[in-house]
Each structure stands twice: as C-alpha cells, then as structure tokens.
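**Q** Dumping the structure here so I can ask a few things about it.
The values are calculated or read from the model by the stated rules, or taken from the named source; none is laboratory data. What you see is a predicted model, and the numbers here were worked out from it, not measured in a lab. When we count neighbours, we look across all protein chains shown, and the Cβ atoms used for this are built from the backbone with ideal geometry, even at glycine. Just so you know, the surface numbers come from the protein's heavy atoms only, side chains and all, with ligands and any DNA or RNA stripped out. Shrake-Rupley method; radii C 1.70, N 1.55, O 1.52, S 1.80 Å.
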Amino acid sequence: MVSGARKKPKELAKSQTLCAFYDFAVSRISFDYFGFLVMAEFARTFHNMEVLHLVLVPAEGDGFHPNVLYDLKQKEWRLRNIVIPGLALIPGRTQLTICSSRSQAQEIFDKVRDPIFPERYMPDAPVAKWHCSWTTLYGALGRDVQVLRSPAQALQYIKNWADTQKVGRGVVSITIRNASFNKHKNTDAKIWAKVAHKLYEMGYFPILIPDTDIALLDPDDCFDGLRFMPEAAMNLELRMALYEFSFLNLCMSNGIATICHYNKYAKFIQFLSGNYLVDNLQTEDDTGTPFGTTQPYLNHFQKMVWRQHTVENIVSEFQ
C-alpha cells in the first residue's frame, strides 16, 4: 500500500462527516486560517454532509509553520484564541480534534472515508488550501463563500449592551491596528480619532476595537471622549457579533478584516493600507484580484477602498 493511502473497509457505512485537515506544516497560524475554514465548509455542503470535523495537525519542531513575525508564545496564543474558537463561527454542526503528533493525524486519516478536505491531502504529503485566492476564484465562479456567522449568544450579549447605550443613528465599529509587526500597516491614531469624532457629530455611535496587542492598555489621548470595546479584541465571538450588529464597520488591511469578508451580514468598508496601496503586483498576488477592485464574492454593503487614509477620504466613503 502506498504510504498515506486510506483504508476503506467495505463494511463501514457512508460517513456523514467531512474531515478537514489543517496542517501547520504548510498552513499559517494567522487569520488566513479562515480562508481554509470557509472552503472546508463549502466542501461539506457541496458533498451534502452533516458535520465538519476540523483536524489540527502539528508541524515538526514547535508544532507551527515557520513565521518570523511571531514567537512561540504568540503562536500558542493564536492557536487558543483564533484558530480553536474560530470554529464557532461556522453555524452548522462541527467537531474538533487537536492532534498531539503527526502520527495521531495519520491514524485519523487512515480511518476516514472519502471525501476529505483538502482534496488529495495526506499527512506525509500535506496540501494547503488557505490562500484567499481560492475564495476569490470560487467567488468569481458565483459560489457563496460567505458562510461565517456570529453565534447567537454572542449577538445577544452585544444587543444587551447596545440597549444600555444611546446609539443614535447606529453603531459604527472602527478596528484599530497597532501591531508590533508589519508596522507600516498600522492605523494612524490621530486620523482615525478625528474620523470617530466626526461620525459622532453626524449622529452615529462610533465604537473602537483596539489591536489585541494593546487591548489592555490605555488608549492614546487623541481618543479622549470616545468609546472602546477591548472585550471584542479579546473574544472572537463578541467581535463577530459586533460586526454583524453594527450599522457599518470600518477596518484596514489587518487580518481581522477576513472574518468580515466571509460574513454576508457584516457591512463594512475596508481601507487598504501599507504596500497594498503602492505595489500592484504584491496586491494582486496577495488578494487574487486586480489592483483597485473588490473581491467578487462581496455584496452591495461591502467594499474595499484603495485611497490614502485621510479624514476627508474616509468620511466621504462613509457618506
């Protein structure tokens, strides 16, 4: 038998579970994971199966894909606070296995019947399918990849909070990026503080979500008088619920924008930043779409904007 080939006992009935292997040997410990997750859920519905079974497969060494941006502590945090809870954003039936070794993943693989995801995956020849160009391709073919949803309880918590606030014409979330890596993509605090104040003057209720890296620190002085929700920075379910509840969401070129992309009920404007505004080739390689365009699977209330971040540009796009 070829190494990695699956055993298919004839006596087993057809499985109603799609097994999806997210293998850290070839897959990132980042928000790119959600590209994989929505493609796996699309495969589950395509094959008319009842349950999505996510199998997390460790890489050799520290267990994660090499990434100079994060140390081991950050990788482990992202596993516990992005990847694992991210499965809750799939509205259907799911299950999760966190393998302690690649041999354990092989044991699971040997017992699985077709189909699996990604197609042609084997633990000794792993296949990656997380890149956003896959969802761009499927969107261009008219397929629905916007499968993420806020859990009902998280949405109820946000509604309970909103009932105690004077939200005026509606909540507008602003997601701040202030990460310790790729700093050229970070938010200009003074510009976005002015935008938030302007939205408040227009009768809206701006709520700012700080970067997770600094969520527990005091905001810059330029944000005085504005409301922050650090809870949404630390809890993925609350974050998604706030995005669904808000009248509109404003975000930049940060990984968290990914979950808005894959939720048809999260109305947003994403302002591209960093190299995306100046390097056409990198932009097209990273997004899978021509420079200056919007992903084909987004709807009328979701937009990508390729303009410099000025107060005037941001407010005009909002209007």
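**Q** Looking at residue 192, is it out of contact with any Lys or Arg (no Cβ under 8 Å at 6 or more places or on another chain), among the aromatic types (Phe, Trp, Tyr) and open to solvent by less than 40 Å² (accessible area, probe 1.4 Å)?
**A** yes
**Q** Within region 134-161, can you find the residues that are over 19 Å from the mean Cα position of the chain (by Cα), of a type outside the set (Lys, Arg) and within 26 Å of residue 172 (Cβ to Cβ)?
**A** If the condition is that a residue be over 19 Å from the mean Cα position of the chain (by Cα), of a type outside the set (Lys, Arg) and within 26 Å of residue 172 (Cβ to Cβ), then 153, 156, 157, 158, 160, 161 are the ones that fit.
**Q** Continuing with this model, one more query. How many residues, within region 278-319, are out of contact with any Lys or Arg (no Cβ under 8 Å at 6 or more places or on another chain), of a type in the set (A, V, I, L, M, F, W, C) and farther than 22 Å from residue 201 by Cβ?
**A** Selection size over region 278-319: 6.
**Q** Check off (1) of a type outside the set (Asp, Glu); (2) at pLDDT 95 or above; (3) within 11 Å of residue 20 (Cα to Cα) for residue 115 and give me the number that stays unchecked.
**A** So the condition that residue 115 fails would be (2).
**Q** Follow-up question, since we're still on this one. Within the group 205, 247, which residue is of a type outside the set (D, E, K, R) and in contact (Cβ under 8 Å) with a residue 60 or more places away in the chain?
**A** Going through 205, 247 in turn, just one is of a type outside the set (D, E, K, R) and in contact (Cβ under 8 Å) with a residue 60 or more places away in the chain: 247.
**Q** While we're on this one: Here are the criteria: (1) out of contact with any strand residue (DSSP E or B) (no Cβ under 8 Å at 6 or more places or on another chain); (2) closer than 17 Å to residue 241 by Cα. Tell me which single one residue 144 does not satisfy.
**A** (2)
**Q** Using beta carbons and a limit of 6 Å, which pairs, at least six apart or on different chains, have the first residue in region 174-190 and more than 13 Å from residue 208 (Cβ to Cβ) and the second one open to solvent by 60 Å² or more (accessible area, probe 1.4 Å) and in a loop (DSSP other than H, G, I, E, B)?
**A** Note: pairs meeting the criteria are 181/69; 186/178.
**Q** State yes or no: is residue 57 of a type outside the set (Asp, Glu), buried (at least 20 other Cβ atoms within 10 Å of the Cβ) and at pLDDT 95 or above?
**A** yes
**Q** Take residue 52 and tell me if it is touching a Pro at 6+ places or on another chain (Cβ under 7 Å) and at pLDDT 95 or above.
**A** When the stated conditions are applied, residue 52 does not pass them.
**Q** In addition: Go through region 221-247 and count every residue that is more than 18 Å from residue 151 (Cβ to Cβ) and in contact with a Leu (Cβ under 9 Å, 6 or more places away or on another chain).
**A** 5
**Q** Can you tell me how many residues within region 60-84 are in contact (Cβ under 8 Å) with a residue 40 or more places away in the chain and buried (at least 16 other Cβ atoms within 10 Å of the Cβ)?
**A** 8
**Q** A further question follows. Can you give me the number of residues within region 141-166 that are in a loop (DSSP other than H, G, I, E, B) and either of a type in the set (Asp, Glu) or under 25 Å from residue 299 (Cα atoms) (or both)?
**A** Filtering region 141-166 down to residues in a loop (DSSP other than H, G, I, E, B) leaves 141-146, 148-151, 164-166.
Keeping just the survivors that are either of a type in the set (Asp, Glu) or under 25 Å from residue 299 (Cα atoms) (or both) gives 141-146, 148-151.
The number of residues fulfilling the criteria is 10.
**Q** Starting from residues that are part of a helix (DSSP H, G or I) and open to solvent by 90 Å² or more (accessible area, probe 1.4 Å), keep the ones in region 167-187 and report whichever is farthest from residue 232 (Cα to Cα). Reasoning before the result, please.
**A** Of region 167-187, the ones part of a helix (DSSP H, G or I) are 183-185.
In the following step, the residues that additionally are open to solvent by 90 Å² or more (accessible area, probe 1.4 Å) were identified as 183-184.
Details: 183: 22, 184: 24 Å.
For region 167-187, the residue satisfying everything is 184.
Per-residue answers, yes or no, for (1) surrounded by fewer than 20 Cβ atoms within 10 Å (Cβ to Cβ); (2) modelled with pLDDT of 95 or more:
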site: 249; (1), (2): no, yes
site: 252; (1), (2): no, no
site: 256; (1), (2): no, no
site: 260; (1), (2): no, yes
site: 266; (1), (2): no, yes
site: 280; (1), (2): yes, no
site: 316; (1), (2): yes, yes
site: 319; (1), (2): yes, no
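**Q** Further question on the same structure: Looking at region 213-228, which of its residues are touching a residue at least 24 places away in the same chain (Cβ under 8 Å) and open to solvent by less than 50 Å² (accessible area, probe 1.4 Å)?
**A** Within region 213-228, 222, 223, 226 qualify.
**Q** Looking at (1) surrounded by 20 or more Cβ atoms within 10 Å (Cβ to Cβ); (2) modelled with pLDDT under 95; (3) touching a Cys at 6+ places or on another chain (Cβ under 7 Å), which is the one condition that is false for residue 271?
**A** For residue 271, the exception is condition (3).
**Q** Which helices (runs of 4 or more DSSP H) sit wholly inside region 211-311 and have at least 3 residues that are more than 13 Å from residue 173 (Cβ to Cβ)? Steps first, answer last, please.
**A** Numbers: elements: 230-234, 236-245, 257-261, 280-287.
Result: 280-287.
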